[in-house]
Amino acid sequence: MVATPIGNLDDITFRAIETLRNVDVIACEDTRTSRVLLNNRNISTPLISLHRFNENKKTQTIIEYLQTGQSVALISDAGTPNISDPGFRLVRSVMETGFRVVPIPGPSSIITALSVAGIDGSSFVFMGFSPKKDLALRSFFQKIDLEQRTVVFLEPARRIMKVIGVALELLPGRRLVLCREMTKKFEEIISGKVESVYEQLAERDNIKGEFVVLIEHSKKVPAIDIEQLVLDLMQEGYSGKRLASEAQMRYQVSKTAAYAKFLKIIKSKSETDS
């Protein structure tokens, strides 16, 4: 799994270059896009396409490559593979077949944006792309309204005014940061209250590029059902003191209260089972 530049072609690690040169095959989303990067580094490794429409079929092809002793690298069009890009089915299948999956770390638009946003990034939630349908988009922002962590999501230029317009309606006064065309020639960071950001965008005739959108965590204090949040964390695989720590970090719930509720649930379940 090889991370590639998110814009500036110089943002690639030595390890990534050597890996792409030395593997037998490179699987990529779009061979035309990837060829630009590979030509820039004089890499002639053969390419095969792997995108969301053919991932299931190409996964089997890649496993067959591995079974014959060949090595395969997966790259996305930009950034780290498997982050809002195809790849998780491939990774799962390769691991289940018994082959090793090796991460070659590098650029990520999400982490890059967090580093310059001026928003607390110690705890954040990445929400992919915002929904396209109006009702789902409103529901999306209603959830963000109560989110206790910084929210990060991606947005293409053609939808940014609509999306920030809904944010203006449902999140008035909230701090918002837009990172546009990160590491590219027209890189831009727009920061401020949602009203100010919307006004700045509205003054433009033609908005281009890809956006990383960051929204500061909610200052509202939601009603907390400790039992339900403990059950949710247990469903995620947390238990004991680790669960209590996660509850405190994620929901600002007392470690003591979360741990006591966890023990009570375990005891109740044990009595029911017996």
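Summary of computed values
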{"item": "Given (1) without any contact (Cβ under 8 Å) to a residue 60 or more places away in the chain; (2) crowded, with 16+ Cβ neighbours inside 10 Å; (3) part of a loop (DSSP other than H, G, I, E, B); (4) hydroxyl-bearing (S, T, Y), index of the condition S76 fails", "result": "(1)"}
{"item": "The range 88-104, residues that are modelled with pLDDT under 95 and either within 13 Å of the chain's Cα centre (by Cα) or over 15 Å from T59 (Cα atoms) (or both)", "result": "F88"}
{"item": "Residues of the range 191-215 satisfying the condition of being in contact (Cβ under 8 Å) with a residue 40 or more places away in the chain, outside any helix (DSSP H, G or I) and surrounded by fewer than 21 Cβ atoms within 10 Å (Cβ to Cβ)", "result": "S191, I207, K208, G209, E210"}
{"item": "Odd one out for K255, checked against (1) surrounded by 13 or more Cβ atoms within 10 Å (Cβ to Cβ); (2) within 30 Å of V177 (Cα to Cα); (3) of a type in the set (K, R)", "result": "(2)"}
{"item": "Qualifying residue in the range 44-61 (condition: among the hydrophobic types (A, V, I, L, M, F, W, C), at negative phi, surrounded by 15 or more Cβ atoms within 10 Å (Cβ to Cβ) and under 20 Å from the mean Cα position of the chain (by Cα))", "result": "yes"}
{"item": "Test result for N39, closer than 25 Å to E210 by Cα and in a helix (DSSP H, G or I)", "result": "yes"}
{"item": "Contacts under 7 angstrom Cβ, first residue in the range 33-55 being closer than 15 Å to I12 by Cα, partner part of a helix (DSSP H, G or I) and of a type in the set (A, V, I, L, M), 6 or more apart", "result": "L38/L20; R41/I17; I43/L20"}
{"item": "Hits in the range 191-211 (condition: of a type in the set (V, I, T) and out of contact with any Lys or Arg (no Cβ under 7 Å at 6 or more places or on another chain))", "result": "V197, I207"}
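The values are calculated or read from the model by the stated rules, or taken from the named source; none is laboratory data. In this text, all values refer to a predicted model and were calculated from it rather than measured experimentally. Methodologically, a virtual Cβ is constructed for each residue, glycine included, from the backbone with ideal geometry; neighbour enumeration extends over all protein chains shown.
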